[in-house]
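Participant: I'd like to ask some things about the structure below.
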2 protein chains.
Amino acid sequence: MTGAFGSRLSEVFTASGRLCVGIDPHSGLLDAWGLPDSAEGVRDFGMRVVEAVAGRAGIVKPQVAFFERHGAAGYAALEEVLSAARAAGLLVIADVKRGDLGTSVDAYGEAWLTPGSSLEADAMTVVAYQGLGSLTGVLNRAQANGKGVFVLAATSNPEAFATQTATREDGLSVAAGVVADVAAWNAASGRAALGSAGVVVGATIGLADVGLRESDLTGMPVLAPGFGHQGARIEQLSELFGSAAQNVVVSASRSILSAGPSGLEAAIDDAVAQVTAACPE
Amino acid sequence: MTGAFGSRLSEVFTASGRLCVGIDPHSGLLDAWGLPDSAEGVRDFGMRVVEAVAGRAGIVKPQVAFFERHGAAGYAALEEVLSAARAAGLLVIADVKRGDLGTSVDAYGEAWLTPGSSLEADAMTVVAYQGLGSLTGVLNRAQANGKGVFVLAATSNPEAFATQTATREDGLSVAAGVVADVAAWNAASGRAALGSAGVVVGATIGLADVGLRESDLTGMPVLAPGFGHQGARIEQLSELFGSAAQNVVVSASRSILSAGPSGLEAAIDDAVAQVTAACPE
């Protein structure tokens, strides 16, 4: 553990860039890779991605649903992949989108953000349908352990629009409210340039369409999925996020993974080059 | 599999009543029960609850966070508990509050709602921060497999209020929007008196405070946590839910579990009697 998550993330950005490679072993990709749709298959898939990313980029994001699909055996596979990724020096964001109340949500924080836990990651994604206040236990644990939390704010799917643009009593959209609550939490709890609490903002949305401004995202990590397969182009990074682009974790999954096990290294190198060109230090 | 989830739930209500006993092996309860805070401890805790509920009530709700806390070993324990509960004829609601998009959310549906999956339950809780439309794959899978889905609508914690009362463009609160979307999905997809898609509404909230009316809940299962420890009294069931009370799964956890392993049967019998008195058939 070396200091606050925001500082660690900044160091990774400097050393290895902003690209985050998804680890998404869904049945279609397993098939395309010639791997069985089993716990062993998702393990081998994950280990292959970790091996390819190590030394080329700095961040991976396992989508936990594809491991959970195989029950306890899938979780054992995930434990191996998480451990290998962290041993390889990669920063690991567990894409779990957990959320709950009280002791339940604390238990999720314990599972994913506790040093020594078999599921230990460097950060996790969470959902604040029950309010950011419901996640206080997870946020405090993250802060104490040098871990990070990414709270879903605005997502790229059209069905999300009605909920995420709904207007709270304070006049903010639900999405902007999450961002404001995260900013307030960072301001109250840390002194780092980049906070330990961040948000998830889909790369294919227009910030203004969900009531967000670039400046709202200042000082917080932004995990932006949707590059590549879902339609956002990496070269649009500054256009999409403006001054906040330098805080963005550029997440790409299918566009890289569909290159198959033999094309993986080249696809990662290509994406890294695109990110570097789009957002020079 | 015997028909649609709503019909199966109605049968359970008639045969065994509306009480749902939570399986919440958090560290405090494990300690009070004299069990280790380990995968073995959560397994033994879950098995003891299943044994006590069988023949006394009809529904259990394992809180998955407390099993996930112990990683793959905790999931192996959960598989045993789920399997024992279903073998005992109990209806099992996996309290997982999962939510995501596309193939990811489909993977969660596969894990929890597929016959033969090692994590098979009869229903799962989900979160629609990304819109009910993002959960279509899970809802369709539930319908096809005779399984149920409970979507978080209005929860009992005060920090949830700003989000869940925010006003959508169609004039509904976020909570009422979830309920309306669930009602529309049930209407479009089933003919059963009680739909396969339900909602979670905390027992300690006032429906009107979050923009809901009793009549909005007609025809859908309502999972209501918060009885007992969190402050709602079972005898208030009709007062709280009015005409919708007959669709309510009355969920109690800590108030029963805190009776300890030796007091469990009596606490369950007592809660069943209260539910029966509060909501006679």
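Readers should treat all values here as calculations from the given coordinates under stated rules, not as data from a laboratory. A quick note: this is a predicted structure, and the numbers were derived from the prediction, not measured. Glycine also receives a Cβ, built like all others from the backbone with ideal geometry; neighbour counts cover every protein chain displayed.
Participant: Please go through region B:152-177 and pick out each residue that is out of contact with any Ser or Thr (no Cβ under 8 Å at 6 or more places or on another chain) and of a type in the set (A, V, I, L, M, F, W, C).
Facilitator: B:A153, B:A154, B:F161, B:A162, B:L172, B:A176 - these are the residues of region B:152-177 that are out of contact with any Ser or Thr (no Cβ under 8 Å at 6 or more places or on another chain) and of a type in the set (A, V, I, L, M, F, W, C).
Participant: Within region A:203-246, which residues are in contact with an Asp or Glu (Cβ under 6 Å, 6 or more places away or on another chain) and of a type in the set (A, V, I, L, M)?
Facilitator: Let us first name the residues in region A:203-246 that are in contact with an Asp or Glu (Cβ under 6 Å, 6 or more places away or on another chain), namely A:242-244.
The one that is in contact with an Asp or Glu (Cβ under 6 Å, 6 or more places away or on another chain) and of a type in the set (A, V, I, L, M): A:A244.
Participant: Among the candidates B:G28, B:G41, B:G22, which residue alone is within 14 Å of chain A (Cβ to nearest Cβ), within 24 Å of A:D100 (Cα to Cα) and in a strand (DSSP E or B)?
Facilitator: Answer to the check: B:G22.
Participant: Only residues that are in contact with a helix residue (DSSP H, G or I) (Cβ under 6 Å, 6 or more places away or on another chain), more than 7 Å from every other protein chain (Cβ to nearest Cβ) and among the small types (G, A, S): list them for region B:147-166, please.
Facilitator: Listed by number, the residues that qualify are B:G148, B:A153, B:A154.
Participant: Another one. Going through region B:234-273 one residue at a time, which ones are within 19 Å of the chain's Cα centre (by Cα) and over 16 Å from B:T204 (Cα atoms)?
Facilitator: The answer is B:Q246, B:N247, B:I256, B:L257, B:I268, B:A271, B:V272.
Participant: State the number of residues belonging to region B:107-133 that are under 20 Å from A:Y129 (Cα atoms), in contact with a Gly (Cβ under 7 Å, 6 or more places away or on another chain) and not aliphatic (A, V, I, L, M).
Facilitator: Of the residues in that region, 3 qualify.
Participant: Might you let me know whether region A:58-72 holds any residue that is assigned to a loop (DSSP other than H, G, I, E, B) and more than 20 Å from B:T103 (Cβ to Cβ)?
Facilitator: Yes, region A:58-72 contains at least one residue that is assigned to a loop (DSSP other than H, G, I, E, B) and more than 20 Å from B:T103 (Cβ to Cβ).
Participant: Just to verify a result, which residue in region B:190-203, among those that are crowded, with 18+ Cβ neighbours inside 10 Å and over 12 Å from the mean Cα position of the chain (by Cα), is farthest from B:L135 (Cα to Cα)?
Facilitator: Of region B:190-203, the ones crowded, with 18+ Cβ neighbours inside 10 Å are B:190, B:194-203.
This time we only want the ones that are over 12 Å from the mean Cα position of the chain (by Cα), so: B:190, B:194-196, B:203.
Values: B:G190: 17, B:L194: 19, B:G195: 16, B:S196: 13, B:A203: 24 Å.
Only one residue tops the list, namely B:A203.
Participant: Next up: Let me spell it out: the conditions are (1) crowded, with 18+ Cβ neighbours inside 10 Å; (2) under 30 Å from A:G28 (Cβ atoms), and B:D24 meets all of them except one. Which number is the exception?
Facilitator: B:D24 satisfies all of (1) crowded, with 18+ Cβ neighbours inside 10 Å; (2) under 30 Å from A:G28 (Cβ atoms) except (2).
Participant: Please tell me if B:V182 is in a helix (DSSP H, G or I), of a type in the set (A, V, I, L, M, F, W, C), touching a strand residue (DSSP E or B) at 6+ places or on another chain (Cβ under 6 Å) and within 11 Å of chain A (Cβ to nearest Cβ).
Facilitator: Here the answer is no, as B:V182 does not meet what is asked.
Participant: Search region A:8-32 for residues that are touching a residue at least 12 places away in the same chain (Cβ under 8 Å) and pair each with any residue that is part of a helix (DSSP H, G or I) and among the charged types (D, E, K, R) when their beta-carbon atoms are under 6 Å apart and the residues are at least 6 apart or on different chains.
Facilitator: As it stands, the answer is none, since no pair meets every condition given.
Participant: Within region B:196-224, take every residue that is touching a helix residue (DSSP H, G or I) at 6+ places or on another chain (Cβ under 8 Å) and assigned to a strand (DSSP E or B) and give me the one that is farthest from B:T163 (Cα to Cα).
Facilitator: Looking at residues that are touching a helix residue (DSSP H, G or I) at 6+ places or on another chain (Cβ under 8 Å) and assigned to a strand (DSSP E or B), I get B:A197.
Participant: Let me spell it out: the conditions are (1) of a type outside the set (A, V, I, L, M); (2) farther than 20 Å from B:I93 by Cα; (3) crowded, with 24+ Cβ neighbours inside 10 Å; (4) within 20 Å of the chain's Cα centre (by Cα), and B:T218 meets all of them except one. Which number is the exception?
Facilitator: Among (1) of a type outside the set (A, V, I, L, M); (2) farther than 20 Å from B:I93 by Cα; (3) crowded, with 24+ Cβ neighbours inside 10 Å; (4) within 20 Å of the chain's Cα centre (by Cα), the lone unmet condition for B:T218 is (3).
Participant: Residues of region B:51-78 being away from chain A (no Cβ under 13 Å) and either farther than 20 Å from B:A252 by Cβ or crowded, with 24+ Cβ neighbours inside 10 Å (or both), which ones?
Facilitator: Hits for region B:51-78 are B:V53, B:A57, B:G58, B:I59, B:V60.
Participant: State all residues of region A:99-140 that are aliphatic (A, V, I, L, M), at the interface with another protein chain (Cβ under 10 Å from one of its Cβ atoms) and either in contact with a His (Cβ under 9 Å, 6 or more places away or on another chain) or part of a loop (DSSP other than H, G, I, E, B) (or both); if no residue qualifies, say none.
Facilitator: A:L101, A:A107, A:A111, A:L119, A:V127, A:A128 - these are the residues of region A:99-140 that are aliphatic (A, V, I, L, M), at the interface with another protein chain (Cβ under 10 Å from one of its Cβ atoms) and either in contact with a His (Cβ under 9 Å, 6 or more places away or on another chain) or part of a loop (DSSP other than H, G, I, E, B) (or both).
Participant: Filter region B:84-98 down to residues that are free of Cβ contacts under 8 Å to residues at least 40 places away in the same chain and part of a loop (DSSP other than H, G, I, E, B) and give me whichever is farthest from the other protein chains (Cβ to nearest Cβ).
Facilitator: That would be B:G89.
Participant: Note down all Cβ pairs under 6 Å where the first residue falls in region A:206-219 and is touching a residue at least 24 places away in the same chain (Cβ under 8 Å) and on the phi > 0 side of the Ramachandran plot, the second is assigned to a loop (DSSP other than H, G, I, E, B) and surrounded by 13 or more Cβ atoms within 10 Å (Cβ to Cβ), and they're at least six residues apart or on different chains.
Facilitator: From residues that are touching a residue at least 24 places away in the same chain (Cβ under 8 Å) and on the phi > 0 side of the Ramachandran plot, the pairs are A:G219/A:G195.
Participant: Scan (1) more than 21 Å from B:A176 (Cβ to Cβ); (2) out of contact with any Ser or Thr (no Cβ under 9 Å at 6 or more places or on another chain); (3) surrounded by 22 or more Cβ atoms within 10 Å (Cβ to Cβ) for the single condition A:S117 breaks and write down its number.
Facilitator: Here A:S117 clears every test but (3).
Participant: OK, next. If you scan region B:146-179, which residues turn out to be assigned to a helix (DSSP H, G or I) and over 18 Å from the mean Cα position of the chain (by Cα)?
Facilitator: Selection gives B:P158, B:E159, B:A160, B:F161, B:A162, B:T163, B:Q164, B:V174, B:A176, B:G177.
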